[in-house]
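As structure tokens, the structure follows; a few thoughts come after it.
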Amino acid sequence: MTRVTFYVLAQGAVSDRHQFACRLTEKAVNQGSKVMIATNDEAETKALDELLWQFRAESFVPHHTYGDTLESPVLLSHDGDDIQQHDLLINLRRNIPGAFSRFARLVEIVIQDPADKQLSRKHFTYFKERGYEIETHNIG
């Protein structure tokens with residue numbers, strides 16, 4: 001069964017969520033995992049594409065976007081899900097991706113924004129009602 005983790009950030013900006021997603025992605029890739037980052041739209045996909053190249057000067061996180069012919073350990077996707085098995089799903093979407101249960105682990109990143117917190121509570125309830133093991137970590 002998919003292990004679900006909520007990271008609750010002390011900050012309230014979407015850019016903080018993106019930075020944290022990049023750090024998690026880098027850590028997972030360094031541990032040999034394949035990662036899918038589920039984004040809301042093309043603009044968010046492009047923003048994360050750029051950020052993954054430059055969020056840390058000493059970092060290199062190989063990645064590709066959905067539909068690319070390239071293959072890498074990290075997929076960014078706003079309009080589709082890769083049918084290949086991935087280890088970690090970082091969900092930045094407002095909805096829960098339909099195929100989330102094929103991942104070993106799902107991560108939700110919560111920022112200190114009232115609307116975002118409300119949406120995260122709905123996601124938490126969804127997983128809890130279905131019997132998923134949930135971990136929560138307060139960051140920073």
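The values are calculated or read from the model by the stated rules, or taken from the named source; none is laboratory data. Given the structure is predicted, the values throughout are model-derived calculations rather than measurements. Neighbour counts run over all protein chains shown; Cβ positions are idealised from the backbone, glycine included. These accessible areas exclude ligands, DNA and RNA; they are computed on the full protein's heavy atoms, side chains included. Shrake-Rupley method; radii C 1.70, N 1.55, O 1.52, S 1.80 Å.
The residues of the range 62-136 expose on average 53 square angstrom of accessible surface per residue, using a 1.4 Å probe on protein heavy atoms. For the range 75-140, a crude dipole built from +1 on the beta carbon of Lys and Arg and -1 on the beta carbon of Asp and Glu, taken about the Cα centre, is about 240 debye to the nearest 20. Taking each DSSP H run with n ≥ 4 as -39500 (n - 2.57) and averaging over every residue of the chain yields -11000 deg cm²/dmol at 222 nm.
The candidate values were (1) 25, 16, 13; (2) 22, 18, 14; (3) 30, 22, 12; the one computed from these coordinates for semi-axes √(5λ) of the Cα gyration tensor in Å carries the label (2). Note that the range 23-40 has calculated 3J(HN,Hα) couplings of 5, 4, 4, 4, 4, 5, 5, 5, 8, x, 8, 9, 10, 10, 9, 8, 9, 7 Hz, one per residue in order, obtained from phi through the Karplus relation 6.51 cos²θ - 1.76 cosθ + 1.60 (θ = phi - 60°); glycine and proline are x. Take the Cβ atoms of LYS122 and SER15, set R0 to 30 Å, and the FRET efficiency comes out at 0.85. DSSP assigns beta bridges within the chain; of those with both partners inside it, close to 0 percent run antiparallel. The slack between GLN84 and ILE134, meaning 0.36 nm per residue of separation minus the straight C-alpha distance, is 15.6 nm.
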